[in-house]
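Asker: Before anything else, here's the structure in question.
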Amino acid sequence: MSLLILLVLPFAGSVLAALLPANARNREAWLAGLVALVGTVQAALLYPEVSYGGVVRYEIPWLPSLGLQFVLRMDGLAWVFSLMVSGIGLLVVLYARYYMSPEDPVPRFFSFFLAFMGAMLGVVLSGNLIQLALFWELTSLISFLLIGYWHHRPDARRGARMALTVTAAGGLCLFAGVLVLGHIVGSYDLDVVLGSGRVIREHPLYTTALVLLALGALTKSAQFPFHFWLPHAMAAPTPVSAYLHSATMVKAGVFLLTRLWPVLAGTEQWFWIISLAGMCTLLLGAYTAIFQQDLKGLLAYSTISHLGLITLLLGLGSPLALVAAVFHTMNHATFKASLFMAAGIIDHECGTRDIRRLSGLARVMPITATLAMVAGAAMAGVPLLNGFISKEMFFTEAVVVGHAVGMSHALPIAATVAGAFSVAYSWRFLHDVFFGPPPHDLPREPHEAPRWMRFPAEVLAFLCLAVGIAPSYTIAPFLATAVRAVLGEEVPGYSLAIWHGFNLPLVMSLVALIGGSALYLILQKTLRLSSLERMPLIHRLSGKRAFERSMTFAIGLADRLTNSLGARGLQSQLLGVIAVAILFAGIVLYGYPVLLPQPQQQVAPVDPTFAILWLIGIACAIGAAYQAKYHRLASLIMMGGAGLITCITFVWFSAPDLALTQLLVEVVTTILLLLGLRWLPRRREPAELGLRTPLLARARRVRDLAISVVGGAGMALLAYAILIRPYPETISNFFLERALTEGGGTNVVNVLLVDFRGFDTMGEICVLGIVALTVYALLRRFRPAPESIPLPHQQIDQGKTVSAARAGDDPAVGYMLMPSVLIRLALPMIVVFSIFLFMRGHNLPGGGFVAGLTLSVAFILQYMVAGTAWVESRLKLQPQRLIGLGLLFAVLTGMGAWLFGYPFLTSHTAHLDLPLIGEIHVPSAFVFDLGVFSLVVGATMLILTALAHQSIRSHRAIQQTEAETSRGGSQWS
């Protein structure tokens with residue numbers, strides 16, 4: 001349960017932060033800080049359980065039959081990352097309290113921040129690969145919101161869009177790789193996967209899974225050639241950069257590679273794919289960082305380089321390289337977060353991050369300068385700091401593994417060159433900003449930041465010193481815990497001692513320190529030139545330019561495909577969809593024996609009454625198609641006649657639930673179509689469609705008729721084949737036998753919807769709610785052109801649209817055949833009937849869907865007789881809240897099963913003995929059905945009232961047009 005609290009708490013805090021008022025910066029910071037503090041303490045308390053190779057699991061059944069569970073799993077590696085996510089998150093929250101301006105929408109910032117913390121914890125704690133992939137994509141979505149937090153800035157919007165495109169595309173590859181990996185192993189459980197290393201490496205799909213998983217990891221950790229998105233993400237506020245780009249988001253990729261190292265590493269494919277990507281990123285990022293003029297740009301490219309170093313270590317495939325990779329991951333999080341905070345303090349107090357305008361800040365900001373120098377020296381690998389020890393381990397593995405794989409010169413040289421570049425850009429960050437002449441002509445007078453704004457950077461700088469001076473007493477136990485979780489009993493011997501004697505790695509470190517310092521001195525004057533806008537040698541290798549060109553090409557290709565394959569008219573689009581569906585259905589079913597009647601089946605004779613009934617329905621359908629050309633209102637009436645015949649058919653075949661649903665759907669959709677008739681485009685003449693002769697127009701109608709007949713006949717034939725096909729045990733018998741015993745109800749249809757297929761029903765009501773909200777959003781902004789609004793003199797024959805109803809100022813008021821007072825009196829009776837249908841639905845015909853439509857009809861009648869203004873002034877309907885409430889009921893019902901250890905949406909029936917009433921049974925599906933009821937009412941009313949309001953606007957526009965026409969002396973006046 002502690003793992004569940006650790007995961008859920010940030011999301012709960014995110015919701016609370018979003019609800020706080022805009023001017024409550026202190027309360028939001030306290031809330032976020034408290035959430036991060038509790039998470040940090042919660043993770044720290046779990047250390048004894050994972051310190052010696054232990055694993056803490058929390059499992060919730062989800063789809064056990066498919067092997068899918070919601071699993072939270074913490075071992076030593078997940079513990080280290082959880083502590084980094086929560087601990088550094090706590091420091092960043094304190095820093096952000098002083099960095100963010102009161103004018104900023106701070107509740108939104110902390111809400112997104114906590115949501116990202118929860119998503120990142122979901123990644124590191126997931127014990128199921130599918131679950132990991134879902135949290136992975138969630139980090140991409142929330143990071144998009146954080147990077148684009150200042151959405152009024154074009155660079156923030158571009159950076160957020162670029163980050164989302166690259167990382168989300170990688171996430172899709174990761175999801176595909178997870179599916180392949182699960183197929184190889186036969187399970188998505190992480191423990192099972194980690195125990196199947198040999199099976200995975202020997203499988204023919206190993207390379208496919210590796211490439212897909214590597215694409216996910218490399219895109220998230222900004223590895224070559226996907227590194228270009230990270231510098232553009234620096235448009236985010238500095239607290240976001242200090243958190244996402246040092247300790248969390250960009251570490252997700254290396255976490256995944258580390259997590260799957262036992263099952264994927266050790267092959268040539270792994271070595272060449274991962275190590276080459278890491279080496280290219282290490283060198284390219286370090287070289288590019290030297291020439292950056294923006295402090296955060298320099299830190300962004302240095303982050304790319306250090307992530308490349310970690311990736312290269314993981315790609316080498318040796319256990320000691322993995323130890324070094326995990327160690328440097330922890331070290332990088334501390335010194336890089338501190339450097340980002342220092343850069344943010346400089347920007348906050350000086351008003352600029354341009355290195356060419358900054359100098360001599362050590363005189364006016366001595367404490368910030370000291371903190372930055374400690375973290376910058378750790379980044380450069382200076383002795384007695386944490387970065388030095390992990391970089392020494394990197395140099396050692398570069399020598400050892402380079403010799404083993406035939407790269408005895410290339411790999412050590414590349415490592416030394418990258419180390420020299422690291423020293424050079426560290427010198428640039430520190431010397432150019434804090435030393436030299438006093439600063440002048442800055443947007444703000446520089447001074448020290450507030451005490452508590454510096455405190456997080458002080459804590460991180462202290463950790464850099466403590467680990468660098470006494471690693472065995474500070475970081476060693478935690479590093480051993482993380483490494484043991486990955487390597488198990490095969491943990492190699494290693495030492496975190498500062499001095500290992502005079503050896504080749506030490507020589508490489510000295511060469512890197514001296515060479516990097518010399519490189520900085522050579523380039524010092526050139527780097528401060530305002531004309532230096534391009535990097536020497538590789539300025540043409542712009543990932544941003546390649547990305548923008550590829551996006552332009554993709555958008556252009558989509559436009560060309562849309563123009564060539566698309567159609568402006570809905571009829572043409574439907575024609576293509578239905579024709580393709582019929583074609584492929586015919587190909588699949590061609591010659592399939594299921595379409596042939598079985599000789600042993602006895603077909604019942606056709607009842608003459610039923611045949612006459614269907615002849616009436618067929619006549620209505622044909623009449624609707626014929627009248628659509630001349631009179632749309634008559635066509636709508638005939639469509640209603642065909643729907644009524646369908647209702648009677650359901651009654652004939654003893655399906656009262658379907659009959660009730662069909663009848664109410666007919667009522668609601670008929671009203672919906674009546675409200676939308678005015679917006680239908682007029683029917684175009686054959687000449688307007690490019691049909692120059694009557695013969696072509698007739699051929700077009702024959703084509704449409706043929707497609708309709710073939711499609712309808714095919715569905716009828718398929719339904720007939722299914723009905724006469726013999727089954728040893730039919731599906732209906734399965735549900736009839738289990739509806740009462742397992743679902744707690746005798747109405748099989750309702751039990752099927754809210755119990756056996758509850759998850760499917762939840763998806764359907766989600767779609768219904770989304771459609772309703774989309775229609776509402778579109779109609780809110782829909783303003784028809786004046787010439788498209790039909791005037792009262794327009795005829796309703798010849799395919800013209802129906803004119804607005806006339807009754808006062810509200811077109812929703814029509815001419816009723818009974819007094820409106822009777823309709824108002826019918827409202828409570830229909831409401832009671834709706835409740836009756838809902839309450840009896842689990843055992844008798846009814847249910848949430850039918851009851852919701854019934855209540856919607858009651859409200860619609862009030863709109864029709866009283867008008868929109870009268871109803872909304874007396875009935876405080878809030879359809880959006882009803883939709884949200886319905887979804888909440890459905891989700892809480894499903895989650896309630898978890899509390900008792902059952903899979904999501906498992907139903908249970910309780911028997912209650914109430915005074916005066918007696919014994920009643922209350923199934924948990926009752927609450928789920930209540931959610932369906934609420935959402936159906938909300939969605940139906942939202943769509944219909946949105947159309948009604950649009951009709952009011954149209955009616956007023958008609959009145960205005962008529963008035964203007966009368967004043968102008970028109971022939972219609």
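Asker: Return the pairs, sorted by first residue and then second, in which the second residue is modelled with pLDDT under 80 and surrounded by 12 or more Cβ atoms within 10 Å (Cβ to Cβ), the first residue lies in region 694-709 and is closer than 13 Å to Gln571 by Cβ, the beta carbons are less than 7 Å apart, and the residues are 6+ apart or on different chains.
Answerer: These pairs meet every condition: Arg700/Leu691.
Asker: Is there a residue being at pLDDT 80 or above, within 36 Å of the chain's Cα centre (by Cα) and either of a type outside the set (A, V, I, L, M, F, W, C) or over 16 Å from Ala289 (Cα atoms) (or both) anywhere in region 492-509?
Answerer: no
Asker: Pairs, please: C-beta under 9 Å, at least 6 apart or cross-chain, first residue on the phi > 0 side of the Ramachandran plot and in region 238-256, second surrounded by fewer than 24 Cβ atoms within 10 Å (Cβ to Cβ) and at pLDDT 90 or above?
Answerer: So the pair list comes out empty.
Conditions (1) out of contact with any helix residue (DSSP H, G or I) (no Cβ under 6 Å at 6 or more places or on another chain); (2) farther than 20 Å from Leu506 by Cα, marked per residue:
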| residue | (1), (2) |
| --- | --- |
| Ala342 | no, yes |
| Ile346 | yes, yes |
| Ser359 | yes, yes |
| Leu371 | no, yes |
| Val400 | yes, no |
| Ala424 | no, no |
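Asker: Take the residues of region 227-237 that are assigned to a helix (DSSP H, G or I) and among the hydrophobic types (A, V, I, L, M, F, W, C): which is farthest from Val250 (Cα to Cα)?
Answerer: For region 227-237, the residue satisfying everything is Ala235.
Asker: For Phe224, are the conditions met, namely being closer than 30 Å to Phe109 by Cβ, touching a residue at least 12 places away in the same chain (Cβ under 8 Å), in contact with a helix residue (DSSP H, G or I) (Cβ under 7 Å, 6 or more places away or on another chain) and aromatic (Phe, Trp, Tyr)?
Answerer: For Phe224, the condition - closer than 30 Å to Phe109 by Cβ, touching a residue at least 12 places away in the same chain (Cβ under 8 Å), in contact with a helix residue (DSSP H, G or I) (Cβ under 7 Å, 6 or more places away or on another chain) and aromatic (Phe, Trp, Tyr) - is not met.
Asker: Within region 649-668, identify whether any single residue is surrounded by fewer than 17 Cβ atoms within 10 Å (Cβ to Cβ), at positive phi and over 40 Å from the mean Cα position of the chain (by Cα), and answer yes or no.
Answerer: yes
Asker: Which one is farthest from Arg108 (Cα to Cα) among residues in region 1-53 that are of a type in the set (S, T, N, Q) and exposed (fewer than 14 other Cβ atoms within 10 Å of the Cβ)?
Answerer: Top of the filtered list is Asn26.
Asker: Which members of region 757-784 meet the condition of being surrounded by 19 or more Cβ atoms within 10 Å (Cβ to Cβ) and either farther than 17 Å from Gly938 by Cβ or in contact with a Cys (Cβ under 9 Å, 6 or more places away or on another chain) (or both)?
Answerer: Result: Gly758, single match.
Asker: Given the conditions (1) among the hydrophobic types (A, V, I, L, M, F, W, C); (2) in a loop (DSSP other than H, G, I, E, B); (3) within 26 Å of the chain's Cα centre (by Cα), and given that Leu916 satisfies all but one, which numbered condition is not satisfied?
Answerer: (3)
Asker: Now, a different point. Given the residues Phe255, Phe224, which is the only one that is among the aromatic types (Phe, Trp, Tyr), part of a loop (DSSP other than H, G, I, E, B) and crowded, with 21+ Cβ neighbours inside 10 Å?
Answerer: Sole residue among the options that is among the aromatic types (Phe, Trp, Tyr), part of a loop (DSSP other than H, G, I, E, B) and crowded, with 21+ Cβ neighbours inside 10 Å: Phe224.
Asker: Turning to a different aspect of this structure: In region 278-324, which residues are of a type in the set (Val, Ile, Thr) and either within 14 Å of Ala415 (Cβ to Cβ) or not in a helix (DSSP H, G or I) (or both)?
Answerer: Scanning region 278-324 gives Thr281, Ile310, Thr311.
Asker: Under 9 Å between Cβ atoms, which residue pairs at least 6 apart in sequence (or on different chains) link something in region 545-566 that is in contact (Cβ under 8 Å) with a residue 24 or more places away in the chain with a partner that is hydroxyl-bearing (Ser, Thr, Tyr) and in a helix (DSSP H, G or I)?
Answerer: Close Cβ pairs satisfying both conditions: Phe547/Thr165; Met551/Thr165.
Asker: Give just the number: which of (1) over 30 Å from Gly406 (Cβ atoms); (2) surrounded by fewer than 23 Cβ atoms within 10 Å (Cβ to Cβ) does Thr267 not satisfy?
Answerer: That leaves (1) as the condition not met.
Asker: Grab the helices (runs of 4 or more DSSP H) fully contained in region 433-508, keeping just those with 2 or more residues being touching a residue at least 40 places away in the same chain (Cβ under 8 Å), among the aliphatic types (A, V, I, L, M) and out of contact with any His (no Cβ under 7 Å at 6 or more places or on another chain).
Answerer: Filter on region 433-508 gives 451-469, 476-487.
Condition check ((1) under 30 Å from Thr669 (Cα atoms); (2) among the aliphatic types (A, V, I, L, M); (3) modelled with pLDDT under 80) across all residues:
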residue: Gly896; (1), (2), (3): no, no, no
residue: Phe900; (1), (2), (3): no, no, yes
residue: Pro915; (1), (2), (3): no, no, yes
residue: Val927; (1), (2), (3): yes, yes, no
residue: Ala948; (1), (2), (3): yes, yes, yes
residue: Gln971; (1), (2), (3): no, no, yes
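Asker: Can I ask one more? Quick check on region 485-502. Is at least one of its residues crowded, with 22+ Cβ neighbours inside 10 Å and either over 30 Å from Leu358 (Cα atoms) or touching a Ser or Thr at 6+ places or on another chain (Cβ under 7 Å) (or both)?
Answerer: Looking through region 485-502, at least one residue is crowded, with 22+ Cβ neighbours inside 10 Å and either over 30 Å from Leu358 (Cα atoms) or touching a Ser or Thr at 6+ places or on another chain (Cβ under 7 Å) (or both).
Asker: Given Gly195, Gly182, which one is under 27 Å from Val80 (Cα atoms) and surrounded by fewer than 20 Cβ atoms within 10 Å (Cβ to Cβ)?
Answerer: Going through Gly195, Gly182 in turn, the sole match is Gly195.
Asker: Please determine, by comparing only the residues of region 128-153 that are touching a residue at least 12 places away in the same chain (Cβ under 8 Å) and in a loop (DSSP other than H, G, I, E, B), which one is surrounded by the most Cβ atoms within 10 Å (Cβ to Cβ).
Answerer: Gly148
Asker: Here is a further query. Looking only at region 158-168, count every residue that is touching a Phe, Trp or Tyr at 6+ places or on another chain (Cβ under 9 Å), over 19 Å from Phe255 (Cβ atoms) and either at pLDDT 95 or above or not hydroxyl-bearing (Ser, Thr, Tyr) (or both) and tell me the total.
Answerer: Selection size over region 158-168: 5.
Asker: Moving on to the next point. Taking region 690-705 on its own, how many of its residues are in a loop (DSSP other than H, G, I, E, B) and at pLDDT 75 or above?
Answerer: Residues meeting the conditions: 0.
Asker: Here's something else I'd like to know. Just checking, does region 864-885 include any residue being more than 25 Å from Pro828 (Cα to Cα), of a type in the set (Gly, Ala, Ser), out of contact with any Lys or Arg (no Cβ under 8 Å at 6 or more places or on another chain) and at pLDDT 75 or above?
Answerer: No, region 864-885 contains no residue that is more than 25 Å from Pro828 (Cα to Cα), of a type in the set (Gly, Ala, Ser), out of contact with any Lys or Arg (no Cβ under 8 Å at 6 or more places or on another chain) and at pLDDT 75 or above.
Asker: Looking at Gly344, Gly402, can you tell me which residue is buried (at least 24 other Cβ atoms within 10 Å of the Cβ) and at pLDDT below 95?
Answerer: Of Gly344, Gly402, the one residue that is buried (at least 24 other Cβ atoms within 10 Å of the Cβ) and at pLDDT below 95 is Gly344.
Asker: Could you list, in sequence order, all residues of region 63-82 that are crowded, with 21+ Cβ neighbours inside 10 Å and of a type outside the set (D, E, K, R)?
Answerer: Across region 63-82, the qualifying residues are Val71, Leu72, Met74, Gly76, Leu77, Ala78, Trp79, Val80, Phe81, Ser82.
Asker: Identify the single condition in (1) in contact with a Gly (Cβ under 7 Å, 6 or more places away or on another chain); (2) within 12 Å of Leu307 (Cα to Cα) that Val250 does not satisfy, given that it satisfies every other one.
Answerer: Failed condition: (1).
Asker: Which residues, taken from region 49-83, are in contact with a Phe, Trp or Tyr (Cβ under 8 Å, 6 or more places away or on another chain) and in a loop (DSSP other than H, G, I, E, B)?
Answerer: Gly67
Asker: Also: List, please: which pairs have Cβ atoms under 6 Å, are six or more places apart or on different chains, and start with a residue in region 346-366 that is under 17 Å from Gly297 (Cβ atoms) and end with one that is of a type in the set (A, V, I, L, M) and part of a helix (DSSP H, G or I)?
Answerer: Every condition considered, the pairs that remain are Arg353/Leu295; Leu358/Val433.
Asker: Turning to a different aspect of this structure: Identify, from the list Ala96, Ala119, Ala168, the residue that is surrounded by fewer than 21 Cβ atoms within 10 Å (Cβ to Cβ) and assigned to a helix (DSSP H, G or I).
Answerer: Ala168
The values are calculated or read from the model by the stated rules, or taken from the named source; none is laboratory data. From a predicted model like this one, the values you see are computed outputs, not experimental measurements. We place every Cβ from the backbone using ideal geometry, glycine too, and count neighbours over all the protein chains shown.
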